[in-house]
1. Rounded to the nearest 0.05, what FRET efficiency do B:Ala237 and A:Glu171 give with R0 = 51 Å and r taken as the Cβ-Cβ distance? Could you check?
2. For a footprinting-style exposure proxy, rank B:His165, B:His78 by other Cβ within 10 Å, fewest first.
3. Determine, for B:Cys101, B:Cys87, the number of other Cβ atoms within 10 Å of each Cβ, and report the residues in order from fewest to most.
4. Report the calculated FRET efficiency for A:Leu217 and B:Leu16 (r = Cβ-Cβ distance, R0 = 56 Å), to the nearest 0.05.
5. Return the equivalent ellipsoid semi-axes of segment B:46-181 as a descending list in whole Å, where each equals the square root of 5 times an eigenvalue of the C-alpha gyration tensor.
6. Taking every pair of alpha-carbon atoms in the protein assembly as shown, give the share separated by more than 41 Å as a whole percent.
7. Which aspartates and glutamates have a Cα less than 16 Å from the Cα of B:Lys240, not counting those fewer than 8 places away in the same chain?
8. How long are the semi-axes of the ellipsoid equivalent to segment B:103-209, from square roots of 5 times the Cα gyration tensor eigenvalues, in whole Å, largest first?
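Coordinate-derived values only; no laboratory data. Predicted model, so just to flag it, every value in this text is computed and none were measured. Virtual Cβ from ideal backbone geometry, glycine too; neighbours counted across all protein chains shown.
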Amino acid sequence: MLRIVTYMVIGLLLLPMAVVLGTSFTAASFVSFPPQGFTLRWYAVALAKQEFVDSFVYSLVIAAITGVIATALGGLVAVVLVRFRFTGREALDAFFMSPLVLPTIVIGIGILQFFSQLGFKATSTVLIAGHVIITTPYAIRLIGASLTGVDPVLERAARNLGAAPLRAFAEITLPLIRPGVVAGAIFAFITSFDNVTISIFLATPRQVTLPVRIFNLWDQPLEPWLIAISAMVILFTVALIALIERTIGLSGLYGQPAK
Amino acid sequence: MTDEPNRRRRALVPWLLIAPVLVAFLIVFAAPVLLLLLTSLERINPSTFVVIERFTAYNYLKFLLDGFYLGILWRTIHIGLVVTAVCVVLGYPVALYLTRCGPRERAILMLLIISPLVVSIVIRNLGWLIILGRRGLLDALAGLLGFGGADLLRTETAVVIGLAHIFYPFMVLSIYGSLQNIDPAVMRAAANLGAGPWRAFSAVTLPLSMPGLIAGSLIVFALCVSSFVTPALLGGARVKVAAYLVWEQTLQLLDWGFASAIATILLIVTGIIMYAYKRVAERSWFAGGVFQ
């Protein structure tokens, strides 16, 4: 009984993705399910939509830069929070986690108002700054979790043997926390790549990320080529999941230890 | 051993290390949110967009005294409650099954439950658009069963389905987290004392898993009431929610004061819920997710 319910619910969970993949091959010129016939035509149409290809590349670049910065900042914060005991530590922890707790839309319009009042134009830099704020907490948590499992004695031993602090960290601790660092980077990348709520407020007039470009069609009828684009993004994501699963195990991402 | 100035210098090390990140967060995060609170007290002239009053509760009163806006706030809360209920009803049996199946099956099921989280929300919503809209899967099924047709797009039901799909994994992980912590000996004790499976569940398992259920409900509800993308895509202008108003006021009507006031109200509502979540999470052995 429990088993039947479980598999039915999981079927429902995966249904929207399956439907997108299935519909992308429809031979009809409108979106319907079940799809009619089979064609790859819409993939060709989709790839010819230059503005969507540009947005995809733009999203990749933004997400990659965000991933690198969030991992570096998150790593620094994680080291301080895990390895030092000092007054204000708990408050700092709560402060750095708060972007996860606050509604993303609040952060989005907050940054928009702040930078426009300072006279900044909407630029990719501001967009990346916004993405870094909402992704760094994940990096802090994931790297911090890895770091908690590493005995500080190892690093101290390297120091006693004459290694400078930075070298001891880079050669002893860093290799040991690599799974957390990789997980943090990938998670920051995915979160940034997926984001609409920040990006929609900080979009530059010229460049728009892919999810925002898709979102902006919200009041128009669905077109098969848009479904083909979505199908390609799903396939891209599946490839990423496979990569994560091979490196650290997906369940590690959400704070549940892989068992 | 160490002399006083040395110790004081040591105490500075963590702050020096963290300073660049702290400054970045203060500028790009704390300052904007504080500014938002200030902006929410500004009243503008709606035709010239010029600020005509600096410190006034005008925007809050406008929101809280107008039946139209209160209706939207109520709808937002109502959607959050329904989504939470759906996630509990569909999440509990799955979480329970996860504790009873073998480790291999559990690993695969976990992967399947978590994997939708990494697929873009916009694209998961498009999937539901195809399923729930005209000429969609539901339409076809309804036709087969002789109900004529079905088109749920731009309805509250569509928004509830879309949101439940997105936040469901958080509920399962949360309930599973506290179910996992129940000592199997307690269950055996219940059985030895003559409790049937149903009695053992209602008298032992369910109460012991309450922290996870409550924490999961709080997190799902908080995420729901502040969500923007899914209500906009599946509900559109016909099912406006609070976050939709924030977006509309900011980018289309350019009344940033009013947008900030609505955002602040959202902030307060989710803040209270998250505080409750933290308390629940701290008091139990709940091995929580990333939100702690």
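1. On the way: r = 58 Å, r/R0 = 1.13.
With a Förster radius of 51 Å, E is 0.30.
2. Values: B:His165 23, B:His78 14.
Neighbour counts put them in this order, fewest first: B:His78, B:His165.
3. Details: B:Cys101 16, B:Cys87 28.
The fewest-first ordering by Cβ neighbours comes to B:Cys101, B:Cys87.
4. On the way: r = 48 Å, r/R0 = 0.86.
Once rounded, the FRET efficiency stands at 0.70.
5. Numbers: eigenvalues 276, 121, 41 Å².
Taking √(5λ) for each eigenvalue gives 37, 25, 14 Å, largest first.
6. On the way: 38445 of 151525 pairs.
That tail contains 25 percent of the Cα-Cα pairs.
7. A:Asp219, B:Asp66, B:Glu156, B:Glu248
8. Values: eigenvalues 297, 70, 30 Å².
Equivalent ellipsoid semi-axes, largest first: 39, 19, 12 Å.
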